[in-house]
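Written out below as structure tokens is the structure these notes cover.
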Amino acid sequence: MLNIVLFGPPGAGKGTQSQKIKEKYDLIHLSTGDLLRSEIGAKTELGLKAKKLMDQGILVPDEVVVGMIDNKLQEHKGANGFIFDGFPRTVQQAGALDNLLESHKDSISGMIALEVTKNELVQRLLKRGETSGREDDKSEEKISKRVEEYENKTKPVADYYKSQHKFTSVEGIGEIDEIFENICSAIDKLPR
Ligand code: ADP
């Protein structure tokens, strides 16, 4: 199986690239952000709780997202593999993911990290905020909070995969198709 963690700060282009990767390699795309937003849309108890944190740019508790991923792995048992987008976002989530995959006799093939400068991120997210309708894209303050959460809690996840020799980084600024080609060359080098 091919299990990819697509990594990068908010606004790095993970969602856009995930769609393309999913099609080319026939993988299941699991975005914890999308899963949480669908809980919000369905007005579930979990969604209502998560919304309060998400609107402020704060991470939701690890057990919430790990539980959602657990369900999805069960649901798609026969899949060719998964692309994890926006997950794991803490070292604890990364450990939990390894345990979940191990219980399915599976493992992460590799992490691909999109490299984008802070300035570019803020510009992209503010622009997205004009049309996305996302509360957390609407002010520079909320965006900064998300970048801060990323720097403090999420960046160490890269070291987790580096120590397992599963880390590759790809330039995240440029044409979408060019970035995609570089991601594909990285994916094609992964063991499966
Ligand atoms: P972006 O990458 O643009 O910040 P996402 O859609 O991935 O957007 O996430 C939006 C929000 O959802 C995050 O700011 C956070 O509050 C919550 N969230 C998403 N994934 C996770 C996760 N794995 N752990 C904790 N919180 C998460």
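The values are calculated or read from the model by the stated rules, or taken from the named source; none is laboratory data. Computed from a predicted structure; not experimentally measured. Here the Cβ is made from the backbone with ideal geometry for all residues, glycine too, and neighbour counts use every protein chain on show. Side chains included, ligands, DNA and RNA excluded: accessible areas come from the protein's heavy atoms. Shrake-Rupley method; radii C 1.70, N 1.55, O 1.52, S 1.80 Å.
Quick look at the numbers
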| item | result |
| --- | --- |
| Evaluation of residue 84 against (1) open to solvent by 70 Å² or more (accessible area, probe 1.4 Å); (2) of a type outside the set (Ser, Thr, Tyr); (3) touching a residue at least 40 places away in the same chain (Cβ under 8 Å) (one fails), failing number | (1) |
| In the range 96-107, residue farthest from residue 160 (Cα to Cα) [restricted to those that are touching a residue at least 12 places away in the same chain (Cβ under 8 Å) and surrounded by fewer than 21 Cβ atoms within 10 Å (Cβ to Cβ)] | 104 |
| Failed criterion for residue 57 (all others in (1) in a helix (DSSP H, G or I); (2) near the ligand (Cβ under 7 Å from one of its atoms) hold) | (1) |
| Only listed residue being more than 17 Å from the chain's Cα centre (by Cα) and assigned to a loop (DSSP other than H, G, I, E, B), chosen from 129, 174 | 174 |
| Candidate set from the range 17-37 (those that are within 11 Å of the ligand (Cβ to nearest atom) and in a helix (DSSP H, G or I)); member that is farthest from residue 94 (Cα to Cα) | 37 |
| All positions within the range 168-181 that are crowded, with 16+ Cβ neighbours inside 10 Å and of a type outside the set (Gly, Ala, Ser) | 168, 170, 179, 180 |
| Matching residues, the range 60-119, being in a strand (DSSP E or B), within 10 Å of the ligand (Cβ to nearest atom) and of a type outside the set (Asp, Glu) | 84 |
| Some residue of the range 133-153 being within 27 Å of residue 184 (Cβ to Cβ) and aliphatic (A, V, I, L, M) | no |
| Subset of the range 1-12 (residues that are over 20 Å from residue 148 (Cβ atoms) and either surrounded by 24 or more Cβ atoms within 10 Å (Cβ to Cβ) or in contact with a helix residue (DSSP H, G or I) (Cβ under 7 Å, 6 or more places away or on another chain) (or both)) | 2, 3, 4, 5, 6 |
| Any hit, the range 142-159, residues being closer than 23 Å to residue 21 by Cα, assigned to a helix (DSSP H, G or I), within 16 Å of the ligand (Cβ to nearest atom) and in contact with a helix residue (DSSP H, G or I) (Cβ under 6 Å, 6 or more places away or on another chain) | yes |
| Which listed residue, of 36, 30, 53, 48, is open to solvent by 70 Å² or more (accessible area, probe 1.4 Å) and either under 15 Å from the mean Cα position of the chain (by Cα) or free of Cβ contacts under 8 Å to residues at least 12 places away in the same chain (or both) | 48 |
